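Notes for the one structure printed next.
The values are calculated or read from the model by the stated rules, or taken from the named source; none is laboratory data. Keep in mind it's a predicted model, so treat the numbers as computed, not measured. All Cβ positions, glycine included, derive from the backbone under ideal geometry; neighbour counts span all protein chains shown. Note: accessible area is taken over every heavy atom of the protein model, side chains too, but ligands, DNA and RNA are not part of it. Shrake-Rupley method; radii C 1.70, N 1.55, O 1.52, S 1.80 Å.
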Amino acid sequence: MSLQNALVVIPARLEASRLPGKPLADIGGKPMIVRVLEQAQNARLGRVVVACDHKDIARAVENHGGEAVLTRTDHQSGSDRIHEATNLVDPNGNHQIVLNLQGDVPLIAPEAIRAAFTPLADPAVDIGTIMTEIRDPRFRDDPSFVKAVATPNGNGAFRALYFTRATAPTGDGPLYQHIGVYAYRRHALDRFVSLKPSPLEIREKLEQLRALEAGMRIDISAIDSAPMDVNTPEDLERARAAIAGQS
């Protein structure tokens, strides 16, 4: 499996209910989507494309030397958007691994991006993703912290058995927060977007359960800490302060 054969796609939608215009929000002199783009480029996995729904996002990306593709405005999920973008920019299937990196993680470490790719070294794995241990007890029962229920796979990663907003598994031991970065085999992405939303996906409001319910295999790499995501004006100010602290 070659890193150079990967395609990293960053879905970006202009309108967000809690933070309108989020991809273009300025963080230390650059739009947030450009910050994410640069971190993806620093991961050195291969070609990086921003899949967006508005020409202003595309223009911002291209003005900073990045590649963007305009997609439909009516997609229901980021997975649908990256699937359309992948077929637009790579219709001949030259890239057999597609990594879905959310556009609201301007501080994500390149190592965390690469970690999502690592489980695909096992040909039995359809989708790779990442998680981190929940160390703050305040977040163990917080439904906004999605829990990965997983078991060691013998290769240094974990095999996903379930994802839930509940506090699980029970008993002594660590709990893990799932982080929504996904590395798909191209055929797995094609299959995933062809499936209808599944019963547990609808109940938990977690798209990744659709893959598990369909018998697809998801393996997970554990990373040291969760990247800060930006969903609110308060998150944006924290991200600005963090970037300022790096300079």
(request) Select from the range 59-72 the residues that are in contact (Cβ under 8 Å) with a residue 24 or more places away in the chain and over 19 Å from the mean Cα position of the chain (by Cα) and write down the one among them that is least open to solvent (accessible area, probe 1.4 Å). (result) 60
(request) Considering only the range 215-247, state which residues are of a type in the set (Asp, Glu), under 18 Å from residue 114 (Cβ atoms) and surrounded by 14 or more Cβ atoms within 10 Å (Cβ to Cβ). (result) 219
(request) Within the range 73-86, count every residue that is under 20 Å from residue 32 (Cβ atoms) and either open to solvent by 60 Å² or more (accessible area, probe 1.4 Å) or over 18 Å from the mean Cα position of the chain (by Cα) (or both). (result) 1
(request) Go through the range 213-242 and count every residue that is under 19 Å from residue 126 (Cβ atoms) and not hydrophobic (A, V, I, L, M, F, W, C). (result) 5
(message) Quick test of your reading of the structure: residue 185 fulfils all but one of (1) without any contact (Cβ under 8 Å) to a residue 40 or more places away in the chain; (2) within 19 Å of the chain's Cα centre (by Cα); (3) surrounded by 14 or more Cβ atoms within 10 Å (Cβ to Cβ). Name the failing condition by number.
(response) (1)
(request) Considering only the range 129-213, give the helices (runs of 4 or more DSSP H) lying wholly within it that have at least 3 residues that are farther than 26 Å from residue 48 by Cα. (result) 199-204, 208-213
(request) Go through the range 36-58 and give me each residue that's buried (at least 24 other Cβ atoms within 10 Å of the Cβ) and either over 16 Å from the mean Cα position of the chain (by Cα) or of a type in the set (Lys, Arg) (or both). (result) 57
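Considering only residues of the range 3-25 that are free of Cβ contacts under 8 Å to residues at least 12 places away in the same chain and open to solvent by 50 Å² or more (accessible area, probe 1.4 Å), which is farthest from residue 61 (Cα to Cα)? If you could, list the steps in order and put the result at the bottom.
Pass one, the range 3-25, residues free of Cβ contacts under 8 Å to residues at least 12 places away in the same chain: 15, 17, 20-21.
Checking which are open to solvent by 50 Å² or more (accessible area, probe 1.4 Å) leaves us with 15, 17, 20.
Numbers: 15: 17, 17: 22, 20: 18 Å.
Step by step, filter the range 3-25, then rank; the result is 17.
Of everything in the range 125-142 that's hydrophobic (A, V, I, L, M, F, W, C) and in contact (Cβ under 8 Å) with a residue 60 or more places away in the chain, which residue is surrounded by the most Cβ atoms within 10 Å (Cβ to Cβ)? Let's see the steps before the verdict.
Let us first name the residues in the range 125-142 that are hydrophobic (A, V, I, L, M, F, W, C), namely 125, 127, 130-131, 134, 139.
Keeping just the survivors that are in contact (Cβ under 8 Å) with a residue 60 or more places away in the chain gives 125, 127, 130-131.
Details: 125: 23, 127: 24, 130: 29, 131: 24.
Among them, the one singled out is 130.
Would the range 211-230 turn up any residue that is polar (S, T, N, Q), closer than 14 Å to residue 128 by Cα and in contact with a Phe, Trp or Tyr (Cβ under 6 Å, 6 or more places away or on another chain)?
At the first step, the residues of the range 211-230 found to be polar (S, T, N, Q) are 221, 225.
If we keep only those that are closer than 14 Å to residue 128 by Cα too, we end up with 221.
Imposing the further condition that a residue be in contact with a Phe, Trp or Tyr (Cβ under 6 Å, 6 or more places away or on another chain) reduces the set to none.
Taking every residue of the range 211-230 in turn, none turns out to be polar (S, T, N, Q), closer than 14 Å to residue 128 by Cα and in contact with a Phe, Trp or Tyr (Cβ under 6 Å, 6 or more places away or on another chain).
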(request) Mind listing just one residue for me: the one in the range 143-167 that is farther than 26 Å from residue 10 by Cα and among the hydroxyl-bearing types (Ser, Thr, Tyr) and, of those, surrounded by the fewest Cβ atoms within 10 Å (Cβ to Cβ)? (result) 151
